[in-house]
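Asker: Provided herewith is a single structure, encoded as structure tokens, for subsequent inquiry.
The values are calculated or read from the model by the stated rules, or taken from the named source; none is laboratory data. It should be emphasised that the depicted structure is a prediction, and the values quoted were computed from it without experimental measurement. Quick reminder, even Gly has a Cβ in these numbers, built from the backbone with ideal geometry, and neighbours come from all protein chains shown. Just the protein is used for accessible areas: all its heavy atoms, side chains included, with ligands, DNA and RNA removed. Shrake-Rupley method; radii C 1.70, N 1.55, O 1.52, S 1.80 Å.
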Amino acid sequence: MLVVLVPSLLILMLLAASCPAVAGETSPWAAWPAMRERGGEVLVWNRAYRPGPTGLPERMRSGGRQMLASPVRLDISCGGKPLRLRPVTALKLVTKPESVTYSAESRGGGVDVTVRALIEPDGMWRVDVEIAPNAEVDLTSLRLVIPVTREHSRLLHWFPIPRNWPRVTFPESWIHPNSGARPKIWQSPFTPCVWIGDEDGGLEWFAETDEKWRPADADRALTIAEAGGAAELTAHIIEQPTRLRKPLKFTFGLQAGPVKPRPAQLRQGRFGYTHWGVFGMETKLREGTSPPVTQLDYLKGLGARFVGMHEDWTDYQGQPRVMDPGKMKSLASACHERGMGLVLYHGLVIPNILPGFEALSKDCLTEPEGANYIHAREPKQYDYPACHASRFASEWCAGIEELFEEYEIDGLYLDGAASPIPCANTKHGCGYRDASGNLRPTYPIFAARETMKRLRAICDARKRPALIVAHMSTMLTLPTLSFADLLLTGEQYWKAPDDFRPPLEFFRTESMGHNHGLPTDFIGYAPLGGEYARTIIALHNAPSSWCPGGTDMWKLYDRFDVDGAKWAGYWSKEPLATTGESNVLVSGFVHKSGRALLAVGNLNREPKPVSYTHLRAHETVLDLVCRLLLEKKKNKQQTKKEN
């Protein structure tokens, strides 16, 4: 059978087989098993970490795969001579259900190195390092080297760097992409997060600040280079001669992914999240339906289980203040009657019309205040980002908790609120002065993590399943995203040129989610909308209601029972099938019963004729299925499909 695939056309084929938790309600750790120790290894869900004698990470396994090619190391030189550190204390793990802590001391060349560490159930490994001189020493160089196993490091992501600090304008992603294939050599100014991995998992390095750093070249503060069987990520902390008179302290973290087990709310490959809910949708009829149904019932018929409501439920942007309590209670009740949940939009921002704005702005906003958002809404307002390290974050969480209790809502849509955005407001402890006296930002990763922990605990204390949706286009900060359920990304491209198409490695890094343990919805705005978006989400097993055909995929997934199937992407070493045509790709599922569901997509800019008999299955059961079905259909129809 010959099918002409138009550009970005997707065909979904259903092939029939030819033969027959950690702590209590107020804890954020309900999704993870209790932590354990075994023979010096720290066991967290699906991962095993082993600290070495000096306290630095020695091994990190995720899903049975070794993520480190060799132990993490500190390369220290004093007086031009490399130091060799010798452990002087035995490392002892202090293991509790929700944490593992330890400390280690080592010595060499006139310096003492102390490492204190914390590991938590989601696999976040925080390492605090102190290098103390016995007497004044000339520190020539200090580099932190993380050797990631080369075969598991094909993809790369880093936190976008503001291109014109202090104005905090992030670079256009289509000009300066920060997700995609890992080059053999990579360099960057300091950025707080770097993720290296592949389609099945990865390893993220993170640090809040480069305050003590003195690299030889600020544009090469972080580098990646291949060395043997490793892709070595190096933090060039000190490369200028430094007279060390007092202890030098710095903190970094590592986290392997996927970060969490499959959420209970995820059924048949999806949460069923839809956005753009409105007051009164439980009674207002949807136009064009026969028989007439309400807007809410229409969404339920599409397969929605959670309905998100954007900013219009509150008069103060992003704040937990309900504009019409009666309508809110009616909508929440109607959702619950239908077995659905109500998710409300929030942002960690302070509107300039909020009572007490002047006092809050001095203490709590990120600095500089040049970053603000203007929303086309009533009442008119400017909205300024607040910092997770400020007191406002705690007050904001308390208001959200009251919102849950009073209105029985079922989740949060966090628009950027899971992100540790740069801040230089010294009033709440952010920022620092560099050697030239310039104010520089820090990135409050650990404060943002504490905010997310609290929100997770609030959601998990509910009687019904609750959903945290994190809208984080361009930013994969696993230490904060561990506590979210659903990641939204892709909005960074909405201003891209009409002919722009990102490399497929972008989608596999940032918009698929399998490697992070975070189901991901791609936002298919133009120029990446339409048939292109439909094709992308099917090829990457990321059904999204933000893309054409997304809810149709929900129904197909239900019909096929993807929960009982195994997925294989077009990038696999042994894909389910191939077409013999460049950029005509095949991904899909094989069900335990032997059935198969294939997504075939044409990513060329022109139509491509593809014969089904050229779909070569690489699994024994599929080979049989394809031969029987395709030969059977070959002479029955000659068709040109458009959807």
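Asker: Among the residues of region 536-556, are any over 22 Å from Phe306 (Cα atoms), among the small types (Gly, Ala, Ser) and open to solvent by less than 50 Å² (accessible area, probe 1.4 Å)?
Answerer: For region 536-556, residues over 22 Å from Phe306 (Cα atoms), among the small types (Gly, Ala, Ser) and open to solvent by less than 50 Å² (accessible area, probe 1.4 Å): absent.
Asker: If I filter region 512-530 for residues that are part of a helix (DSSP H, G or I), crowded, with 20+ Cβ neighbours inside 10 Å and out of contact with any Gly (no Cβ under 6 Å at 6 or more places or on another chain), do I get at least one hit?
Answerer: no
Asker: Here's a follow-up. Is it the case that Ala533 is at pLDDT below 95, surrounded by 21 or more Cβ atoms within 10 Å (Cβ to Cβ) and of a type in the set (A, V, I, L, M, F, W, C)?
Answerer: yes
Asker: Here's a follow-up. In this structure, does Val148 turn out to be assigned to a strand (DSSP E or B), touching a Ser or Thr at 6+ places or on another chain (Cβ under 8 Å) and under 20 Å from Arg61 (Cβ atoms)?
Answerer: no
Asker: Here is a further query. With respect to Gly601, determine if the residue is open to solvent by less than 10 Å² (accessible area, probe 1.4 Å), in a strand (DSSP E or B) and modelled with pLDDT under 90.
Answerer: Here the answer is yes, as Gly601 does meet what is asked.
Asker: Right, something else. Name, by its number, the condition in (1) open to solvent by 10 Å² or more (accessible area, probe 1.4 Å); (2) within 30 Å of Gln240 (Cβ to Cβ) that does not hold for Thr477.
Answerer: (1)
Asker: Then there's this: Could you go through region 492-502 and let me know if any residue there is part of a loop (DSSP other than H, G, I, E, B), under 18 Å from Trp32 (Cα atoms), modelled with pLDDT under 95 and open to solvent by 10 Å² or more (accessible area, probe 1.4 Å).
Answerer: No, because not a single residue in region 492-502 is part of a loop (DSSP other than H, G, I, E, B), under 18 Å from Trp32 (Cα atoms), modelled with pLDDT under 95 and open to solvent by 10 Å² or more (accessible area, probe 1.4 Å).
Asker: Okay, next question. Can you tell me which residues in region 121-133 are surrounded by 23 or more Cβ atoms within 10 Å (Cβ to Cβ) and over 18 Å from Gly52 (Cα atoms)?
Answerer: Passing the criteria: Pro121, Asp122.
Asker: What are the residue pairs meeting all of these: first residue in region 387-416, first residue farther than 19 Å from Glu311 by Cβ, second residue hydroxyl-bearing (Ser, Thr, Tyr), Cβ atoms under 6 Å, and 6 or more apart or on different chains?
Answerer: The qualifying pairs are Cys387/Thr366; His388/Thr451; Ala393/Thr451.
Asker: Also, quick follow-up: Could you pull out the residue among Leu156, Leu139 that is in contact with a helix residue (DSSP H, G or I) (Cβ under 8 Å, 6 or more places away or on another chain), open to solvent by less than 30 Å² (accessible area, probe 1.4 Å) and either in a strand (DSSP E or B) or modelled with pLDDT under 95 (or both)?
Answerer: Only one candidate passes the filter, namely Leu156.
Asker: Just wondering, is there one or more residues in region 265-284 that are modelled with pLDDT of 95 or more, open to solvent by 70 Å² or more (accessible area, probe 1.4 Å) and farther than 23 Å from Asn438 by Cα?
Answerer: So far as region 265-284 goes, yes, one or more of its residues are modelled with pLDDT of 95 or more, open to solvent by 70 Å² or more (accessible area, probe 1.4 Å) and farther than 23 Å from Asn438 by Cα.
Asker: Quick check: is even one residue across region 289-297 of a type outside the set (S, T, N, Q) and under 17 Å from Leu403 (Cα atoms)?
Answerer: Scanning region 289-297, I find no residue that is of a type outside the set (S, T, N, Q) and under 17 Å from Leu403 (Cα atoms), so the answer is no.
Asker: While we're looking at this one, here's another question. Please find, among Pro53, Pro57, the residue that is open to solvent by 60 Å² or more (accessible area, probe 1.4 Å) and either touching a strand residue (DSSP E or B) at 6+ places or on another chain (Cβ under 6 Å) or closer than 17 Å to Ala230 by Cα (or both).
Answerer: Pro53
Residue-by-condition table, conditions (1) hydrophobic (A, V, I, L, M, F, W, C); (2) within 18 Å of the chain's Cα centre (by Cα); (3) more than 22 Å from Gly341 (Cβ to Cβ):
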| residue | (1), (2), (3) |
| --- | --- |
| Phe392 | yes, no, yes |
| Tyr407 | no, no, no |
| Ala417 | yes, yes, no |
| Pro420 | no, yes, yes |
| Gly429 | no, no, yes |
| Ala435 | yes, no, yes |
| Leu439 | yes, no, yes |
| Tyr443 | no, yes, yes |
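Asker: Identify all residues within region 68-96 that are among the aliphatic types (A, V, I, L, M) and open to solvent by 50 Å² or more (accessible area, probe 1.4 Å); write none if there are none.
Answerer: If the condition is that a residue be among the aliphatic types (A, V, I, L, M) and open to solvent by 50 Å² or more (accessible area, probe 1.4 Å), then Ala69, Val88, Ala90, Leu91, Val94 are the ones that fit.
Asker: Could you count how many residues in region 77-126 are closer than 26 Å to His516 by Cα and not in a strand (DSSP E or B)?
Answerer: 6
Asker: Just to be sure I understand, how many residues within region 427-455 are modelled with pLDDT of 95 or more, of a type in the set (S, T, N, Q) and either closer than 15 Å to Gly253 by Cβ or assigned to a loop (DSSP other than H, G, I, E, B) (or both)?
Answerer: Counting residues in region 427-455 that are modelled with pLDDT of 95 or more, of a type in the set (S, T, N, Q) and either closer than 15 Å to Gly253 by Cβ or assigned to a loop (DSSP other than H, G, I, E, B) (or both) gives 1.
Asker: Kindly indicate whether Glu505 is at pLDDT below 95 and surrounded by fewer than 24 Cβ atoms within 10 Å (Cβ to Cβ).
Answerer: Spelling it out, it is not the case that Glu505 is at pLDDT below 95 and surrounded by fewer than 24 Cβ atoms within 10 Å (Cβ to Cβ).
Asker: Mind listing just one residue for me: the one in region 11-40 that is modelled with pLDDT of 50 or more and of a type in the set (Ser, Thr, Tyr) and, of those, most open to solvent (accessible area, probe 1.4 Å)?
Answerer: Of everything passing the filter in region 11-40, Thr26 is most open to solvent (accessible area, probe 1.4 Å).
Asker: Hey, among the residues in region 106-116 that are within 34 Å of the chain's Cα centre (by Cα) and not polar (S, T, N, Q), which one's most open to solvent (accessible area, probe 1.4 Å)?
Answerer: Checked region 106-116; the qualifying residue most open to solvent (accessible area, probe 1.4 Å) is Arg116.
Asker: If you don't mind, another one. Find the residue count for region 455-481, including only residues that are of a type in the set (Val, Ile, Thr), more than 19 Å from the chain's Cα centre (by Cα) and under 18 Å from Glu120 (Cβ atoms).
Answerer: 0
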